[in-house]
């Protein structure tokens, strides 16, 4: 993957020399040209096109932004309701993610989304303990985390 | 004109969210609930205000201030870590939870050391 990025940057520089124009805009155009070349050559050279991961990361960030706004709205509704009608609880969420930084990213994304807060890890790191402000249905809450954040993170890393 | 209205909306949303976060700190019954209000609504509130300030200087004054963007990134990085450490310490210290708390999987884990199985496979 690092090699592909290096090739891409070299192509961008070659593009700048061919154009005889050393500005940022030309560099970006050259970078896009390099991306297209790598994209069309990906079958012949037998490598995994790296921009797919970048794209998955952008999708993860978009999902996070959407969840952030949605969950903020839910928490605001809870706070401003005259009667405090909530059922807080700590739920254990098993995760399939393997490496430490994937789990850290998952825990931080869960913490940043209002209404849920990562409290602890199990000793081997395979389970996250999450304090949720309103969990009428435990299984549904676990499934939602699996379907959104965990799935998106796996798309980036696999 | 349009830009000014947009900046005002960002600032107003940021201020409102901070206010709601403050109300939440007063209203929630235990330390865990208060952490929700203090770290989350306030995070988005701070980001709203910072975005408004950034747009104001960028568009109306033509100054690009990278420090504000760095501020947003660092708020995003530090808020969840702080909340994680405070809640974890509170739980291990034995801070009582609200009496209406329904589930407590962490207590089970600390007593028996068992983690629930992944039901997906």
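Numbers for the structure displayed
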{"read-out": "Residue mean of other protein chain beta carbons inside 10 Å, B:85-97", "value": "2"}
{"read-out": "Degrees between helix A:51-80 axis and first principal axis of chain A (Cα, 0 to 90, nearest 10)", "value": "30"}
{"read-out": "Highest-first arrangement of A:34-40, A:117-123, where packing means the average Cβ count within 10 Å", "value": "A:117-123, A:34-40"}
{"read-out": "Packing-based ranking, highest mean first, of A:57-63, A:22-28 given that Cβ atoms within 10 Å are counted", "value": "A:57-63, A:22-28"}
{"read-out": "Degrees between helix A:2-19 axis and first principal axis of chain A (Cα, 0 to 90, nearest 10)", "value": "50"}
{"read-out": "Average other protein chain Cβ within 10 Å of Cβ, residues A:60-67", "value": "0"}
{"read-out": "Cα-based equivalent ellipsoid of region A:2-45: semi-axis lengths in Å, sorted from largest, via gyration tensor", "value": "20, 9, 8"}
{"read-out": "Shape call, region B:1-79: gyration tensor on alpha carbons, a/c limit 1.5", "value": "oblate"}
{"read-out": "Other protein chain Cβ atoms within 10 Å, averaged over every residue that makes up B:69-80", "value": "2"}
{"read-out": "Mean residue ellipticity (222 nm) of chain A, computed from DSSP H runs ≥ 4 via -39,500 (n - 2.57), nearest 500", "value": "-20500 deg cm²/dmol"}
{"read-out": "Kirkwood estimate for the protein assembly as shown, i.e. one over the average of 1/r between Cα atoms, Å", "value": "21.4"}
{"read-out": "Tensor-based shape of region A:56-157 (alpha-carbon gyration tensor, a/c under 1.5 rounded, otherwise prolate or oblate)", "value": "oblate"}
{"read-out": "Percent RCO, i.e. relative contact order, over chain A, from Cα pairs under 8 Å lying at least 6 residues apart", "value": "22"}
{"read-out": "Between 0 and 90°, nearest 10: helix B:2-27 axis offset from chain B longest Cα axis", "value": "30"}
{"read-out": "Residue-averaged [θ]222 nm for chain B, counting only DSSP H segments that reach four residues, each worth -39500 (n - 2.57)", "value": "-22500 deg cm²/dmol"}
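No lab work stands behind these numbers, since they all come straight from the coordinates. Model, not experiment: these values are computed from the prediction. When we count neighbours, we look across all protein chains shown, and the Cβ atoms used for this are built from the backbone with ideal geometry, even at glycine.
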